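Enquirer: First the structure, then my questions, so here it is.
The values are calculated or read from the model by the stated rules, or taken from the named source; none is laboratory data. Just so it is clear, the structure is predicted and the values come from calculations on it, not from any experiment. Cβ placement follows ideal geometry from the backbone for every residue including glycine, while neighbour counts extend to all protein chains displayed. Please note that ligands, DNA and RNA were not included when accessible areas were found on the heavy atoms of the full protein model with its side chains. Shrake-Rupley method; radii C 1.70, N 1.55, O 1.52, S 1.80 Å.
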Amino acid sequence: MPDNEIEDPLFGRPNGKRMELAQAPLTGVVAQVRFPEIFSIQKKEFVAQFQELIRGSYPLANTQAAVSVQVGDGNAPSLKQTTTWRFSDAKQEWTISLGPSFLAFQTKKYTNRVDFTNRLRDVFVAMAETVNPAVVTRTGIRYVNQIKSPQMAILRDLFRAEIGSFSSSGLKEHIEHSLTEALCNTAEGKLLLRWGLMPPGASHDLGLLAPIDEKSWIFDLDGFSDHLVPLPFDPEATTKLVYELATRINTVFYWAANQKLVDTFGGKEA
């Protein structure tokens with residue numbers, strides 16, 4: 001059953017149950033940690049140590065360059081190029097992105113948060129043994145869901161009215177694009193919620209939501225904790241926090257869901 005009856009989904013204690021959807025409408029899940037910039041990550045010989053530890057599970061490697069404009073101290077603007085290293089499994093369903101100040105772990109084949117965080121812990125262990133950031137300044141995990149045909153026909157029955165917004169009203173057929181955003185405090189940090197209608201060919205984040213040739217409805221849940229006092233980087237403690245953030249997202253998702261959604265997408269307690 002969905003957690004509609006929970007009084008406070010943002011601060012209330014989760015009931016300990018794990019709800020899974022056999023045909024979840026997820027398009028992607030990504031966890032990320034941020035840390036003070038490590039200049040050596042730009043060097044191939046430095047990152048090679050990290051690659052050797054993960055290469056058995058993530059054998060594919062490539063780089064992505066980005067250029068940014070640096071302005072400050074009264075000097076003329078300058079261009080700064082940074083390299084992000086990307087490592088994927090053979091099927092390219094799981095991807096690690098390592099940049100000078102972050103590590104992200106993303107998948108298109110999410111099953112449950114136990115499996116996800118177990119895989120993430122292995123990446124963190126490799127990171128601790130090689131890159132070894134002393135502290136982390138931000139920890140987060142994000143889930144992007146997309147409802148499309150044929151479930152769009154019953155959209156108003158899938159979510160409670162507070163989340164449905166215009167999607168639950170008679171105006172739905174006439175709206176081309178509608179996106180609502182809410183930043184909430186939670187027991188673990190913050191949760192940024194985005195939901196609304198997307199026109200054909202549109203995406204609010206190409207990295208997690210590929211455009212499709214039909215109207216759809218998205219529900220994006222981004223849970224994170226900004227560490228004003230940086231936390232020591234520890235694989236176990238960092239994994240535990242990611243799991244707690246994911247559990248909060250799970251609680252909020254099933255608070256927002258009606259029983260119709262659980263039945264439609266094959267929900268079960270795990």
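Enquirer: Can you tell me how much longer the chain between LYS268 and GLN64 gets when fully stretched, taken as 0.36 nm per residue apart minus their C-alpha distance, in nm with one decimal?
Expert: Stretched out fully, the LYS268 to GLN64 stretch lengthens by 69.5 nm.
Enquirer: Let me ask something else. Summing +1 for each Lys or Arg and -1 for each Asp or Glu, what net charge is found among the other residues whose Cβ lies under 12 Å from the Cβ of TRP94?
Expert: My count for the surroundings of TRP94 gives +1.
Enquirer: Show me the helices of the chain, taken as full DSSP H stretches, that run 20 Å or more along their long axis by Cα and average 0.5 or above in Kyte-Doolittle hydropathy.
Expert: None pass (Cα extent of 20 Å or more, hydropathy at least 0.5).
Enquirer: Is it possible to state the helix-based mean residue ellipticity at 222 nm for the chain, with each DSSP H run of 4+ residues giving -39500 (n - 2.57), the sum divided by total residues, to the nearest 500 deg cm²/dmol? What is it?
Expert: Rounded to the nearest 500, it is -7000 deg cm²/dmol.
Enquirer: Can you work out the base-10 log of I(q)/I(0) for the range 154-270 at q = 0.11 1/Å, using the Debye formula on its C-alpha atoms alone?
Expert: -0.46
Enquirer: Hey, how much of the P(r) for the range 94-136 falls beyond 16 Å, as a percent of Cα pairs?
Expert: The calculated P(r) of the range 94-136 puts 37 percent of pairs beyond 16 Å.
Enquirer: Once you put a point 7 Å from the Cα of HIS174 and another 7 Å from the Cα of GLU45, both along the Cβ direction, what distance in nm separates them?
Expert: 6.7
Enquirer: Right, something else. log10 I(q)/I(0), Debye, Cα-only the chain, no solvent, q = 0.11, 0.12, 0.14, 0.16 Å⁻¹?
Expert: So the normalised log intensities are -0.68, -0.81, -1.05, -1.27.
Enquirer: Have a look at GLN64, GLN106, GLN146 and tell me which one the Gaussian network model of the chain (Cα, springs below 10 Å) gives the largest fluctuation.
Expert: Largest GNM mean-square fluctuation: GLN64.
Enquirer: For the range 123-263, what number of Lys pairs, 8 or more residues apart or on separate chains, have alpha-carbon atoms under 26 Å from each other?
Expert: For the range 123-263, the number of qualifying lysine pairs is 7.
Enquirer: According to a simple spin-label model (label point 7 Å from Cα along Cα-to-Cβ), what is the distance in nm between ALA202 and GLU20?
Expert: Once both label points are built, they end up 3.4 nm from each other.
Enquirer: On alpha carbon coordinates alone, what is the Rg over Rh value for the range 217-258, Rh being the Kirkwood radius?
Expert: That ratio equals 1.09.
Enquirer: Have a look at the range 93-229 and give its Rg and Dmax from the Cα atoms, expressed in angstrom.
Expert: Looking at the range 93-229, its Cα Rg and Dmax stand at 17.7, 56 Å.
Enquirer: Using alpha carbon centroids, what distance separates the range 213-235 and the range 124-161, in Å?
Expert: So the two Cα centres are separated by 6 Å.
Enquirer: Please build a GNM for the chain, connecting alpha carbons under 10 Å apart, and tell me which residue among ASN118, ASN62, ASN250 fluctuates the most.
Expert: Maximum fluctuation in the GNM of the chain, among the listed residues, is at ASN62.
Enquirer: Still on this model: Have a look at GLY99, GLY56, GLY28 and tell me which one the Gaussian network model of the chain (Cα, springs below 10 Å) gives the largest fluctuation.
Expert: The residue that fluctuates most here is GLY56.
Enquirer: For GLY223, what charge total do you get from the other residues with a beta carbon under 15 Å from its beta carbon, if Lys and Arg give +1 and Asp and Glu give -1?
Expert: So the environment of GLY223 carries a net charge of +2.
Enquirer: Can you pull out the trypsin sites (Lys or Arg not before Pro) in the range 156-258 that DSSP calls coil and that have at most 14 other Cβ atoms within 10 Å?
Expert: ARG160
Enquirer: Return the FRET efficiency for the residue pair ARG13, ALA153: r is the Cβ-Cβ distance, R0 is 45 Å, and the value is rounded to the nearest 0.05.
Expert: Computed FRET efficiency for ARG13 and ALA153 comes out at 0.80.
Enquirer: Okay, moving on. Can you list the equivalent-ellipsoid semi-axes of the range 8-68, largest first and in whole Å, using the square root of 5 times each Cα gyration tensor eigenvalue?
Expert: The answer is 35, 18, 14 Å, longest axis first.
Enquirer: Sorted by accessible area (1.4 Å probe), largest first, how do ILE141, ILE38 line up?
Expert: ILE38, ILE141
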